[in-house]
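The values are calculated or read from the model by the stated rules, or taken from the named source; none is laboratory data. Predicted model, so just to flag it, every value in this text is computed and none were measured. Here Cβ is always computed from backbone atoms with ideal geometry, including for glycine, and neighbour counts include all displayed protein chains. Surface accessibility is based on the protein's heavy atoms, side chains included, excluding ligands, DNA and RNA. Shrake-Rupley method; radii C 1.70, N 1.55, O 1.52, S 1.80 Å.
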4 protein chains.
Amino acid sequence: MVRVGVIGASGYTGGELLRLLLLHEEAEVTIATSRQYAEEYVYRIHSNLRGYTDLQFSDWNLDEVTSKCDLVFTSLPHGASMKVIPSLVNTGLKIVDLSADYRLKDSADYLKYYGYEHPNPDLLKKFVFGIPELRKDEIRGARLVSCPGCMAVTSILALAPLVKNKLIDTSHIVVDAKIGSSGAGVKPTIATHHSERFSVVRPYKPVSHRHTAEIKQELGKLAGSKIPIYMSPHAVNMVRGILCTCHTFPSKPLTVPEIWKAYRGFYPEEPFIRFVRDKRGLYGYPDPKVVVGSNFCDIGFELEDDASRLVVMSATDNLMKGASGTAVQNMNLMMGFNERMGLEAPALHPA
Amino acid sequence: MVRVGVIGASGYTGGELLRLLLLHEEAEVTIATSRQYAEEYVYRIHSNLRGYTDLQFSDWNLDEVTSKCDLVFTSLPHGASMKVIPSLVNTGLKIVDLSADYRLKDSADYLKYYGYEHPNPDLLKKFVFGIPELRKDEIRGARLVSCPGCMAVTSILALAPLVKNKLIDTSHIVVDAKIGSSGAGVKPTIATHHSERFSVVRPYKPVSHRHTAEIKQELGKLAGSKIPIYMSPHAVNMVRGILCTCHTFPSKPLTVPEIWKAYRGFYPEEPFIRFVRDKRGLYGYPDPKVVVGSNFCDIGFELEDDASRLVVMSATDNLMKGASGTAVQNMNLMMGFNERMGLEAPALHPA
Amino acid sequence: MVRVGVIGASGYTGGELLRLLLLHEEAEVTIATSRQYAEEYVYRIHSNLRGYTDLQFSDWNLDEVTSKCDLVFTSLPHGASMKVIPSLVNTGLKIVDLSADYRLKDSADYLKYYGYEHPNPDLLKKFVFGIPELRKDEIRGARLVSCPGCMAVTSILALAPLVKNKLIDTSHIVVDAKIGSSGAGVKPTIATHHSERFSVVRPYKPVSHRHTAEIKQELGKLAGSKIPIYMSPHAVNMVRGILCTCHTFPSKPLTVPEIWKAYRGFYPEEPFIRFVRDKRGLYGYPDPKVVVGSNFCDIGFELEDDASRLVVMSATDNLMKGASGTAVQNMNLMMGFNERMGLEAPALHPA
Amino acid sequence: MVRVGVIGASGYTGGELLRLLLLHEEAEVTIATSRQYAEEYVYRIHSNLRGYTDLQFSDWNLDEVTSKCDLVFTSLPHGASMKVIPSLVNTGLKIVDLSADYRLKDSADYLKYYGYEHPNPDLLKKFVFGIPELRKDEIRGARLVSCPGCMAVTSILALAPLVKNKLIDTSHIVVDAKIGSSGAGVKPTIATHHSERFSVVRPYKPVSHRHTAEIKQELGKLAGSKIPIYMSPHAVNMVRGILCTCHTFPSKPLTVPEIWKAYRGFYPEEPFIRFVRDKRGLYGYPDPKVVVGSNFCDIGFELEDDASRLVVMSATDNLMKGASGTAVQNMNLMMGFNERMGLEAPALHPA
């Protein structure tokens, strides 16, 4: 049993953590902080949790967090995590951070992609970049884990086996991402106003999106050299879900069995990777619709007849595998629990 | 040719007025005011109008409005119209007001439904309540017209023939309304945030909605006495459109032909009323889907086998017949133009 | 541990049963029949279940069902259940039927509402009408249970306390229902074609809907006499969920505390009834959005200022509380399991 | 004035043609054929046209078409057009074909992409490939015009200026397309069933989509050599609209002004091309949401900081610029009418 706190619990990833943790057999939620909603009942903000908890939000208090928790999830906005994490680190607590603040290991990237000097560059290397499918053993022994961005993890899981096995031309990797509105967080803006957001296919940051930095960092490690990643995200008309369509160009003649081999070899027995490549049935390729609510990353691919292009598709729920699901998976590993614990639910279908 | 100004042109009804007026053969838009966006190009805010106009928003200036316009549409938020209308009235301009500020004729209703004392109660009676299907002659001669609320006009058009002909029990009139998100206006809130507004069926103000006051006022006149109206609106997952399902109880034995007769007699040749009651085809009853973008109010009905309940359904586009379309229709009547001018477009289908 | 079969497992309620039963601690799914998909893997049709089971659909075979199962769910189309149920009854199996075929206790109602003579009228009374909140003890001892229609259970749970306590005028009960597309089942038609079904508010069967028969049957029992029910369903733009807006007229002066008392008294400790009536927060009334995926029926109400109308709103997931969730709840009671088993998940939010 | 017939008028492109033509100042619709709906009123199938026409569908009859029409639109399914077109060609009628049957000029492509030998390969070259922005003069003098596929025209208009000016590496052109459900036509299937199609991001034909053939044909001509095109379409949750995200790699150092120059030079004064590249406002890039219902192709672009990738985005309404709008534009040119006639409407916003 682990006593956990959720720091920054009123947003969407915070709410998703609470949903998962309140039903987790080995976790007890002792604190959920929110400055804005301090003393309000959690179920007033996360209405789906009505009947599940009488917990009230509390204001942030380091002593209280330290005494009541063994492990904390920090699901604060980017830039806010780095203000509380150094003091949390000093208390010896286990930390799973969901923000971008400790993902990048080269502090220069923060200046380039986020526009500021990172205030604790020494801490960056102490956080394990928490994609369990890439470094499970490291996470098992870690006290400090930083969870990947939603489009980053979805892209990385699709591309890692290809890059690792040097199957594709690493100078022309295109990731065309499609994401639901929950990826924009809980704060209303004109861009997320239902009348403006409904039925759009809205390109945003078609070049230089921040998640690119993480993808380059992780795939560059697997490639053994710096590589460019060309990602363009699009807002589409759904609430949850991401599809990454990765357009790649084989670096040598490739066949379908070789591609299968690369994927199966890279993910020999991952509980949350499913391969979807099916001539029959309606969902023959990955589709966020059938992963929403689950912690899966579904991966599929198609090769041009002349093998000149390899299209890899990956689908996740941005709040699950793309955020809180991976966070709980990391906790499970850090605590020695079954990796699947609390994450067993399949998607609803249809929904 | 009439020179028109749109006062409060950056919201959804303002944008819809501009869309209609920029293509209207007899209107020239000379001014579009917006405090927030003064000097910004109109097409930056109303992106659908890119390529249609180089007009820029301007700040509100009474002299400029008076000198450049023959007629103004005031599409300001409720409460803001009444601040500019008295001075506009004094300039002799023709005015079509889209706010609620001059709809109710009994100033006590403003206290009851809107929570404030009306500052110019004398002006209330000078504005014609602008439902052309109910008082076309009055509008033709009017200088000041106040347009009805979107759910009000949709309900009133459905119920007026029944009330006028004393066919229903006026103490049990239930209007269950369903409306798209554009009805909430352009200002983002958590209630209109895509993630929260998508796939809802959200009751709001299930009792005492403000539009009830207008419906009671207008139907009460037709009934010859005060009558209660029981309206409950629901937010549903679409952008435009209203369906009012009116549940009524016949006050005497009724047959389908008698109901037809009441409707056809009341609306003998209205260009924007369509009757929809069709055993074949997918859209056998009114559905907002096939009126969106048009100025129609589609009306249909169904009678219980034992004639104990009469269900009347009416569908409009809340920004067209429910607001700006009716406003332009009123302008056409006030100016002696063809009532249909600029309002001829059918709905897109499918869309 | 109970060995269960799902007869008619390829549709939406069948898929939902499988989703619930595959993760149910005390159930083992031994058979899932489908004539159309015999020998196909279940996960090809219910793509969300990929990775959860290697079960294949099988064709219907009475001997096989009898030998492999202790309890069967029949989730066949209306009219098809009655063809297999009599033989299943004879085998002594426990049966939970999700069709309409054994819901109505007066066989004349089948002629009136479904257009055919019921072939086994004697069996009708042997099936318990399975709303656990109304007759839990009866279900506990039952071998044969028939589950209610989705709009029926949602309406009945909202209205039962009022009718039982004689708080409302039973001659003017209006139920205005809004339902998602999954309620229409898995078979594609032009009415469910995405281009035609998207963004509609489509009235269908505004009078005499078949579920009316069940509501009248159940509420009539509580009222002690036959009462009319005026229900009108509407298709709205979502996949799962029902909202029933019940417009009722108090039969005597009523206050909010009296209404609370009726509801709390009627449902003293029901695990799947939640009351939602909250001045703060976005979901202050029931909304299907925050029950989807869960087995809750959320109930709330609002009273006119002059107490002349009482609006009761109830929300369910039509595939859960409205079908398969209630079916599993019934199984739990019949088998002596914890009533909540396998039904603990809250809704996702946002989704 | 031109007398027009719509051959195959009951589908979505047929309905859209009727919507445009019934309000076109210089066209009179004399025939609308549909085998399935012969003698049915057009407004029963195209419910948005209720009140606009009393036309009834008629069965196909060559003599009748020849005597009543000057020009016909053939909006039949692929493969069906080629059965009627040869006889229509012989009558001397002007023909605008909306199917794929006469788009490809090399008959071998039909075998490769459509799987059959083309029965009238000689006719292929007699049809002008009807993208007015590419060959206006040819269309003006043409009697036979074949309209492009929806994703083809959207891609070609985005890429033509780059290919023509040799600005990009033609061996790595990726088109990632997103399309609404109306692109799948009017026939219901499980893939278009609302419950299955809602909230998807569904890749289909990620390699070798048929529209690729047209894009290769047209861009190849501009390039002066055969070039590969890597297109992958995705079904997203909207009814109308296409966004093509074209990921390209500059073949030489490029700057934003050079790109502008290529586009403005290629489209010096096209009425239906709008450039959208705006730092302010919500719709700073093309988005189908603000072209739906209009005949525009909106085009915008973004260049990587190091100019290593150029992303071009183009948005159309698949039933307008992607089909029936272009068809009417072609008719206007063929008949010597104003190119804009009947196509002036902007998009609704919001919608």
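Of all residues in region B:268-286, exactly one satisfies the criterion of being facing chain D (nearest Cβ under 9 Å) and open to solvent by 50 Å² or more (accessible area, probe 1.4 Å), namely B:Arg280. For A:Ser225, state whether it is polar (S, T, N, Q) and open to solvent by 10 Å² or more (accessible area, probe 1.4 Å). When the stated conditions are applied, A:Ser225 passes them. Tell me which of these D:Val89 doesn't satisfy, since it passes every other one: (1) surrounded by fewer than 19 Cβ atoms within 10 Å (Cβ to Cβ); (2) touching a strand residue (DSSP E or B) at 6+ places or on another chain (Cβ under 9 Å); (3) touching a residue at least 60 places away in the same chain (Cβ under 8 Å). Unmet for D:Val89, out of (1) surrounded by fewer than 19 Cβ atoms within 10 Å (Cβ to Cβ); (2) touching a strand residue (DSSP E or B) at 6+ places or on another chain (Cβ under 9 Å); (3) touching a residue at least 60 places away in the same chain (Cβ under 8 Å): (3). Note on region B:42-95: residues that are in a strand (DSSP E or B), of a type in the set (Val, Ile, Thr) and out of contact with any Gly (no Cβ under 7 Å at 6 or more places or on another chain) amount to 1. I'd like to verify a number: residues in region B:314-351 that are touching a Cys at 6+ places or on another chain (Cβ under 6 Å) and open to solvent by 20 Å² or more (accessible area, probe 1.4 Å), how many? Number satisfying all stated conditions: 0. Among the residues examined, D:Tyr102 qualifies as within 23 Å of D:Pro228 (Cα to Cα) and in a loop (DSSP other than H, G, I, E, B).
Only one entry of C:Pro233, C:Pro206 meets the criterion of being within 30 Å of B:Lys279 (Cβ to Cβ), outside any loop (DSSP other than H, G, I, E, B) and open to solvent by less than 10 Å² (accessible area, probe 1.4 Å), and that entry is C:Pro233. For region C:42-81, a residue qualifies if it is under 21 Å from the mean Cα position of the chain (by Cα) and surrounded by fewer than 22 Cβ atoms within 10 Å (Cβ to Cβ), and the qualifying residues are C:Leu71, C:Pro77, C:His78, C:Gly79, C:Ala80. Here B:Glu117, B:Glu28, B:Glu39 are screened, and the one residue that is assigned to a strand (DSSP E or B) and open to solvent by 60 Å² or more (accessible area, probe 1.4 Å) is B:Glu28.
Yes/no matrix, rows are residues, columns are (1) farther than 15 Å from C:Thr316 by Cβ; (2) away from every other protein chain (no Cβ under 14 Å):
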site: C:Glu133; (1), (2): no, yes
site: C:Ser146; (1), (2): yes, yes
site: C:Arg202; (1), (2): yes, no
site: C:Ile229; (1), (2): yes, no
site: C:Gly241; (1), (2): no, no
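Tell me, yes or no, whether region A:291-301 has at least one residue that is touching a residue at least 40 places away in the same chain (Cβ under 8 Å), within 19 Å of the chain's Cα centre (by Cα) and part of a helix (DSSP H, G or I). No, region A:291-301 contains no residue that is touching a residue at least 40 places away in the same chain (Cβ under 8 Å), within 19 Å of the chain's Cα centre (by Cα) and part of a helix (DSSP H, G or I).
Return the residue satisfying two criteria in turn: it lies in region C:302-313 and is part of a loop (DSSP other than H, G, I, E, B) and open to solvent by 10 Å² or more (accessible area, probe 1.4 Å), and of such residues it is farthest from C:Pro288 (Cα to Cα). Here the answer is C:Asp306.
Each row is one residue, and each column tells you yes or no for (1) open to solvent by 10 Å² or more (accessible area, probe 1.4 Å); (2) assigned by TED's automatic domain parsing to the domain that holds D:Thr248; (3) over 15 Å from D:Ala327 (Cβ atoms).
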site	(1), (2), (3)
D:Pro121	yes, no, yes
D:Lys164	yes, yes, yes
D:Asp169	yes, yes, yes
D:His172	yes, yes, yes
D:Asp176	no, yes, yes
D:Ser181	no, yes, yes
D:Gly185	yes, yes, yes
D:Pro188	yes, yes, yes
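Provide a single number: the residues in region B:126-136 that are without any contact (Cβ under 8 Å) to a residue 24 or more places away in the chain and over 15 Å from B:Tyr267 (Cβ atoms).
1
Checking each residue in region A:296-348 for being more than 21 Å from A:Ala177 (Cβ to Cβ), within 11 Å of chain C (Cβ to nearest Cβ) and among the aliphatic types (A, V, I, L, M) picks out A:Ala345, A:Leu348.
Of all residue pairs spaced 6 or more apart or on separate chains, those with beta-carbon atoms under 6 Å, a first member in region C:8-29 that is free of Cβ contacts under 8 Å to residues at least 60 places away in the same chain and a second member that is open to solvent by 10 Å² or more (accessible area, probe 1.4 Å) and among the polar types (S, T, N, Q) are C:Leu22/C:Thr53. Filtering region A:188-232 to residues that are in contact with a Phe, Trp or Tyr (Cβ under 6 Å, 6 or more places away or on another chain) and over 21 Å from A:Leu162 (Cα atoms) leaves A:Pro203, A:Arg210. Of the residues that make up region D:140-159, is at least one without any contact (Cβ under 8 Å) to a residue 40 or more places away in the chain, at negative phi and open to solvent by 10 Å² or more (accessible area, probe 1.4 Å)? Within region D:140-159, one or more residues are without any contact (Cβ under 8 Å) to a residue 40 or more places away in the chain, at negative phi and open to solvent by 10 Å² or more (accessible area, probe 1.4 Å). The set of residues in region C:6-25 that are open to solvent by less than 30 Å² (accessible area, probe 1.4 Å) and either in a helix (DSSP H, G or I) or on the phi > 0 side of the Ramachandran plot (or both) comprises C:Gly8, C:Tyr12, C:Gly14, C:Gly15, C:Glu16, C:Leu17, C:Leu18, C:Arg19, C:Leu20, C:Leu21.
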